[in-house]
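What follows is a short report on a single structure.
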Amino acid sequence: VRVVAAIALLGLLARLLLLGDRVAHFDEARVAWWTHHFAQTGQFHYRYIIHGPFIQHVDRALFGLLGATDFTSRLPVAVVGGLLPLVALWFRHRLSETEVGALAVLLAANPILLYYSRFMRSTLLVAAFCFVAFAALVRWYDGFGVAYFHAGVVALALGFAAKENAVVYVL
């Protein structure tokens, strides 16, 4: 558990390091602009082209607390991506200690996951939430209690709130 926690901490640090130093590209900027408008006016309009509404609602709250910056807009995705290795712990009953550690390293240091954890995009969010749902449902199926079923349903709902292609993960 301590090793996986340390791996997750390193993954989180890798995602937060210089997170706001890069200027937002077009796709990030338009979502951030609409989120900033939502924060300023309280008016939210669902736009399928930007997916959501998870990131817009979370960033609206963060913009009020931390200000509307590139760092703040990317923070939720970085945190979710950085904490994802902790899900490896839910597979301890099916995997050896070495395999659990390897899964945690894969989730923390995989270049694709690391790259997309540093963008204000819903792509990583939907993947992470659906993976958490899968892990929780495996725990429930294996007899660890109905709380895991509920956690899986909530995680899947967050996946759909992040991006509509969560249906692909279900299929």
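The values are calculated or read from the model by the stated rules, or taken from the named source; none is laboratory data. Values in this document were obtained by computation on a predicted structure and should not be read as measured data. Because the Cβ atoms are built from the backbone with ideal geometry, glycine has one as well, and the counts that use them run over all protein chains shown. Each accessible area value is taken on the protein alone, full model and side chains, heavy atoms only, with ligands, DNA and RNA left out. Shrake-Rupley method; radii C 1.70, N 1.55, O 1.52, S 1.80 Å.
Observations
- If you go through region 62-81 and keep only what is open to solvent by less than 60 Å² (accessible area, probe 1.4 Å) and not small (Gly, Ala, Ser), you end up with 62, 63, 70, 72, 74, 75, 76, 77, 79, 80.
- Within region 110-156, the set of residues being open to solvent by less than 60 Å² (accessible area, probe 1.4 Å) and either over 24 Å from residue 52 (Cβ atoms) or not in a helix (DSSP H, G or I) (or both) comprises 110, 117, 118, 119, 120, 138, 139, 142, 145, 148.
- So residue 107, is it closer than 23 Å to residue 75 by Cβ, open to solvent by less than 60 Å² (accessible area, probe 1.4 Å) and either touching a Pro at 6+ places or on another chain (Cβ under 9 Å) or assigned to a helix (DSSP H, G or I) (or both): yes
- Selection count, region 82-101, where residues are closer than 18 Å to residue 128 by Cβ and either open to solvent by 80 Å² or more (accessible area, probe 1.4 Å) or of a type outside the set (Phe, Trp, Tyr) (or both): 9
- Any hit, region 14-23, residues being closer than 21 Å to residue 130 by Cα, buried (at least 20 other Cβ atoms within 10 Å of the Cβ) and out of contact with any Asp or Glu (no Cβ under 8 Å at 6 or more places or on another chain): yes
- Just one residue in the set 36, 51, 57 is more than 16 Å from residue 118 (Cα to Cα), of a type outside the set (A, V, I, L, M, F, W, C), surrounded by 14 or more Cβ atoms within 10 Å (Cβ to Cβ) and in contact with a Ser or Thr (Cβ under 8 Å, 6 or more places away or on another chain); that residue is 51.
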